[in-house]
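In what follows, a single structure is set out as structure tokens and then discussed.
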Amino acid sequence: MQLLTGQTLSFRDDPFAVPFAEACTLRRQGGVLIEAGRIRAVDEAETLRAAHPQAEVISYGADLICAGFVDAHVHYSQTAIIASWGLRLIDWLNTYTFPEEARFGDPGYAAEIAARYLDLTAAHGTTTMASFCTIHPASVEALFTEAQARGQCVVAGKTCMDRNAPDDLRDSAQSAYDDSKALIARWHGRDRLHYAITPRFTPTSSPDQLAALGGLWAEHPDCLMQTHLSEQTDEIAWVRDLHPEARDYLDTYEAHGLLGARGLYGHAIHLEPREIDRLTETGAALIHCPTSNTFIGSGLFNTAAMKARGISTGLATDTGGGSSFSMLRTMAAAYEIGQLTGTPLHAAQLIWLATQGSARALHLGHEIGNLAPGMAADLVVLDLASTPASAQRQAEARDLWEAVFPTLMMGDDRAVRATWINGRPVTSKP
């Protein structure tokens with residue numbers, strides 16, 4: 001049993017739905033009691049110390065302890081090409097993504113990148129992610145095997161593509177179904193691993209493949225389904241050319257059984273009113289990828305507007321179209337985009353998106369994304385004075401939110417004092 005002490009942040013409610021003061025519990029001298037990989041209690045440090053004198057005390061001083069970050073849309077296979085120069089979405093895929101993904105036919109290379117990716121993200125305080133893999137089942141095996149060895153909660157799926165992709169990156173409607181079904185049987189629900197049925201996006205999946213994957217989802221409704229939606233205007237025009245019969249982009253998924261409450265739709269920037277209505281009605285989740293949306297020039301996602309409609313919304317780096325592995329950098333980008341759309345986000349809302357909001361989008365809000373009894377002990381400890389710039393700003397803060405906000409705007413892996421996964425510290429700094 002271990003007692004972590006420091007400043008603690010937990011959520012009682014959604015700060016987009018109620019005032020942040022009502023949504024959050026902040027403790028200046030708080031504690032988190034951990035036992036057997038779970039959070040047993042969250043309270044004042046002295047209260048927990050008195051009640052559990054046998055617990056090993058780990059003091060983080062004035063550092064902030066909160067739930068580990070949940071990255072709701074990534075491509076771990078793009079780790080090695082992150083921050084490649086420029087280009088629009090389709091050019092990006094052809095120039096960088098597809099050549100790199102072709103390398104994942106080699107199980108050894110897939111294992112190497114899976115370990116590298118999980119090391120990099122842990123250093124940035126990320127404890128769970130939802131990842132697209134490649135068309136190769138070995139790419140899924142590599143990520144799940146590495147995550148399982150670390151006791152980590154991960155969502156992933158084999159990316160399916162049977163058209164408009166290089167020959168060595170195409171499967172078929174039947175093989176996409178068969179491979180995905182076999183991977184579900186092998187991995188879904190095993191330890192802390194969850195499978196997501198994963199058509200890349202409409203331009204690279206034929207109607208037959210979309211229908212096959214929709215049928216697979218109907219057979220396994222407890223799985224998530226992840227894809228891309230309305231990321232760039234030229235992408236939308238391409239979908240319109242490919243599917244003149246469709247009412248809109250979302251309709252290409254809906255027509256094949258790929259719209260539902262456990263659906264995750266990345267980007268979703270340029271939505272039509274009907275699409276917003278249907279996403280609201282079905283309870284689907286949208287995943288905001290702010291650094292990616294700006295890095296490859298996609299557009300501005302309006303977080304506040306989607307949340308006001310009651311749409312579940314998560315936050316994501318979108319590695320490697322996104323330009324950082326850091327959810328802190330991602331929160332800063334979400335804030336900047338909020339400013340550009342006229343809806344600046346409070347620090348409480350940003351942290352909620354990166355933790356409980358993303359966890360709820362993944363239908364894992366009961367398991368991860370908050371400091372609460374019974375939750376998995378996946379935590380991040382943030383040094384709010386990790387650099388001279390942050391330290392001098394924190395010194396002027398009038399309250400804890402003012403102390404936290406500069407780290408959200410300027411922080412990187414130097415701000416991550418420790419990352420705990422499944423009740424174990426996997427990264428730690430003096």
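The values are calculated or read from the model by the stated rules, or taken from the named source; none is laboratory data. Keep in mind the model is a prediction, meaning the values are calculated, not measured. A quick note on method: Cβ atoms are made from the backbone with ideal geometry, for glycine too, and the neighbour counts reach across all protein chains shown. Heads up: the accessible areas ignore ligands, DNA and RNA and are worked out on the full protein's heavy atoms, side chains in. Shrake-Rupley method; radii C 1.70, N 1.55, O 1.52, S 1.80 Å.
Taking the Cα atoms of the chain, the ratio Rg/Rh between the radius of gyration and the Kirkwood radius comes to 0.97.
Can you grab the distance from the C-alpha centre of the range 239-318 to the C-alpha centre of the range 3-37, Å, no decimals? Rounded to whole Å, the Cα centres lie 30 Å apart. What is the pair-distance distribution P(r) of the range 269-425, computed from all Cα-Cα distances in 5 Å bins starting at 0, with each bin given as a whole percent? Bins of 5 Å from zero give 2, 9, 16, 20, 21, 16, 10, 5, 2, 0 percent of pairs.
The angle separating the long axis of helix 173-187 from the principal Cα axis of greatest extent in the chain is about 30 degrees. A 1.4 Å probe run over the protein chains yields, for the chain, 35 Å² of accessible area per residue, whole-number rounding.
When the Cα convex hull of the range 340-392 is projected onto planes of every orientation, the mean area is 5.4 nm².
Converting the Cα gyration tensor eigenvalues of the range 290-380 into ellipsoid dimensions via √(5λ) gives semi-axes, longest first, of 23, 15, 11 Å. Look at the alpha carbon pairs under 8 Å that are at least 6 residues apart: their mean separation over the length of the range 185-278 gives a relative contact order of 32 percent.
Pairwise Cα separations in the range 256-306 fall into 5 Å bins from 0 onward with the following percentages, short to long: 5, 20, 29, 24, 14, 8, 1. For the chain, the mean residue ellipticity at 222 nm estimated from helices alone is -10500 deg cm²/dmol, where every DSSP H run of n ≥ 4 contributes -39500 (n - 2.57) and the total is divided by all residues, rounded to the nearest 500. Take the Cβ-Cβ distance between VAL18 and THR95 as r, set R0 to 51 Å, and report the resulting FRET efficiency rounded to the nearest 0.05. About 0.65, to the nearest 0.05. For ARG417, the amide hydrogen comes within under 5 Å of the amide hydrogens of VAL381, LEU382, ASP383, counting only partners 5 or more places away or on other chains and with H modelled in the peptide plane.
Taking amide H as placed 1.01 Å from N in the peptide plane, GLY314 has its amide H under 5 Å from the amide H of LEU286, ILE287, HIS288, each at least 5 places away in sequence or on another chain.
Rounded to the nearest whole angstrom, the semi-axes of the ellipsoid equivalent to the range 204-265, taken from the Cα gyration tensor as √(5λ), stand at 21, 13, 9, largest first. Length, then width, then depth: along the principal axes, the Cα atoms of the range 1-138 run 59, 37, 24 Å. Apolar share of the accessible surface for the range 257-369: 52 percent from carbon plus sulfur atoms, 1.4 Å probe.
When the alpha carbon gyration tensor of the range 57-117 is reduced to an equivalent ellipsoid, its three semi-axes come out at 33, 17, 9 angstrom, largest first. Taking only Cα atoms, what is the 0 to 90° angle, nearest 10, from helix 107-123's long axis to the longest principal axis of the chain? The angle comes out at about 40 degrees.
Each Lys or Arg adds one and each Asp or Glu takes one away; over the other residues whose Cβ falls under 14 Å from the Cβ of ASP208, this sums to -1. For the range 176-300, a Kirkwood radius taken over Cα pairs fed into Stokes-Einstein (25 °C, viscosity 0.890 mPa s) yields D = 164 µm²/s.
Taking Cα atoms, how many degrees apart are the long axis of helix 233-242 and the longest axis of the chain, rounded to 10 and kept between 0 and 90? It is inclined by approximately 40 degrees. In this structure PHE20 has an accessible area near 80 Å², from a 1.4 Å probe over the protein heavy atoms. Our note on the geometry: Cα centres of the range 180-217 and the range 362-422, 34 Å apart.
Peptides 272-279, 284-291, 247-254, ordered by how many other C-beta atoms sit within 10 Å of their residues on average, highest first, read 284-291, 247-254, 272-279.
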